[in-house]
Structure formats: C-alpha cells, structure tokens
Amino acid sequence: DPGPAGFRLCRAAEVAVPPAEQEEDLPAGCQLGYGTWYLCLKGAVLQNYYPQFGMRQMSDNDVLIDPALAPDVRKYMVAEGYRARGYGVGCHDIYQKDNLYFEIHRALMSDHNPPPIIQYYENVKERLVTAESGNELRFTNEDFYVYFLAHAAEHFRAGGLGLRTVLDCYLYRKAKRL
C-alpha cells in the first residue's frame, strides 16, 4: 500500500544496508517518496560522497515534501508505527520509531536564517531538477552547496560545527569540483 496521497516509507530505510543491497525499485540514498515529489537533504545526499557506505554518521533522515501533504504523511507515518514529535512546529515534523528518525521538512529554511537565504529558497521547487526516479527532485550542484553552507551557518550561529561538517564540505567540493 503506497499510503495516503501515494506516499510510502521505503523499507530499506529501516535497515542500515548499502544502496547496492537494497531492493532495486527503491531510490538509493533516499527514504521517502513515490506518488509525490520529494527532495533528500543533508546526510541523505552527503553520505554518497564518503569512500564507503556507513562512514558518515547520521542521526536522522531529512526529506523535503510538498507541505500540502504533511497531514497525509503524518497519518501514514503514525500508521507505520512512528511517533510524531513536534508536528506543525517550525519548518519540519519529526517522526521516531525505535532509533530511526525522520525530519519531514515542510519548508527548506527556518526563520533563523538571514532574509536573503530564506527568500532564495522560498519557492525551492522551482530551483530543483528531476532525478532518475521521477518523483525525486534534486538541487543543482551549486544550489545544494549554497544550501549546505546556509544550513552549516545556522548550526554555527546556534552553537558550533563539528568535524563532520568540515568533511562533508571537503568531500562534496572534491566530488563536484567546486
């Protein structure tokens, strides 16, 4: 069952397996989709630039969806056994089942960012390109990098950055030749 509004959770996300070992019909690196557009964010993208699967630690899976589908996604995630935490608060909803966390973003940027960054990504879907799976959208390399830096700056303002952010930046720039 694809769930409400054609949305479903890929089972591969619930088990830490390399993308090559996932079912072929599931989008590698992304955990949500089918039936509507979605955009994988942060670690779900950056993990692909590390030398081996599993080298980049992630505490959650971040995905941007059409905000109009947030109520349907909530119903579906709860039906799948996830506990909704902070639904409707801020720019994302948090879902937890055991040690698996999803942040389902309704908006890309929080109000904690500078106005030019918020405005730049306000209508983000217009900036995205279609990926191989059809429903998955992606940033251009440059827009992902700007988003990454804006998100890192938000963390820096809130308390700091770690080595993972430095490695993410290095590996992404190296892979994309930025």
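Yes or no: Gln47 in a loop (DSSP other than H, G, I, E, B), under 28 Å from Lys174 (Cα atoms) and modelled with pLDDT of 85 or more?
Working: in a loop (DSSP other than H, G, I, E, B): no; under 28 Å from Lys174 (Cα atoms): yes; modelled with pLDDT of 85 or more: yes.
No, not satisfied.
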Worksheet item: Is there any pair linking a residue in the range 127-151 that is under 13 Å from Tyr172 (Cα atoms) to one that is among the aliphatic types (A, V, I, L, M) and open to solvent by 60 Å² or more (accessible area, probe 1.4 Å), with Cβ under 7 Å and at least six apart or on different chains, and which?
Response: Thr140/Val129; Asn141/Leu178; Tyr145/Leu178
Worksheet item: Does the range 125-148 contain any residue that is surrounded by fewer than 18 Cβ atoms within 10 Å (Cβ to Cβ), over 16 Å from the mean Cα position of the chain (by Cα) and among the hydrophobic types (A, V, I, L, M, F, W, C)?
Response: no
Worksheet item: Across the range 61-81, which residue is most open to solvent (accessible area, probe 1.4 Å) among those that are assigned to a helix (DSSP H, G or I) and among the β-branched types (Val, Ile, Thr)?
Response: Val78
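Kindly establish whether Leu161 is in a loop (DSSP other than H, G, I, E, B), touching a residue at least 12 places away in the same chain (Cβ under 8 Å) and open to solvent by 50 Å² or more (accessible area, probe 1.4 Å). Before you say what the answer is, go through the steps one by one.
Values: in a loop (DSSP other than H, G, I, E, B): yes; touching a residue at least 12 places away in the same chain (Cβ under 8 Å): no; open to solvent by 50 Å² or more (accessible area, probe 1.4 Å): yes.
Judged against the criteria, Leu161 is not a match.
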Discussion item. Quick check on Ile94: is it open to solvent by less than 50 Å² (accessible area, probe 1.4 Å), free of Cβ contacts under 8 Å to residues at least 24 places away in the same chain, out of contact with any helix residue (DSSP H, G or I) (no Cβ under 6 Å at 6 or more places or on another chain) and among the aliphatic types (A, V, I, L, M)?
Written reply: no
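The values are calculated or read from the model by the stated rules, or taken from the named source; none is laboratory data. Just so we're clear, the structure is a prediction, and the values are computed from it rather than from any experiment. Reconstructed Cβ throughout: ideal geometry from the backbone, glycine too, with neighbour counts over all protein chains shown. The accessibility values were calculated without ligands, DNA or RNA, using every heavy atom of the protein model including side chains. Shrake-Rupley method; radii C 1.70, N 1.55, O 1.52, S 1.80 Å.
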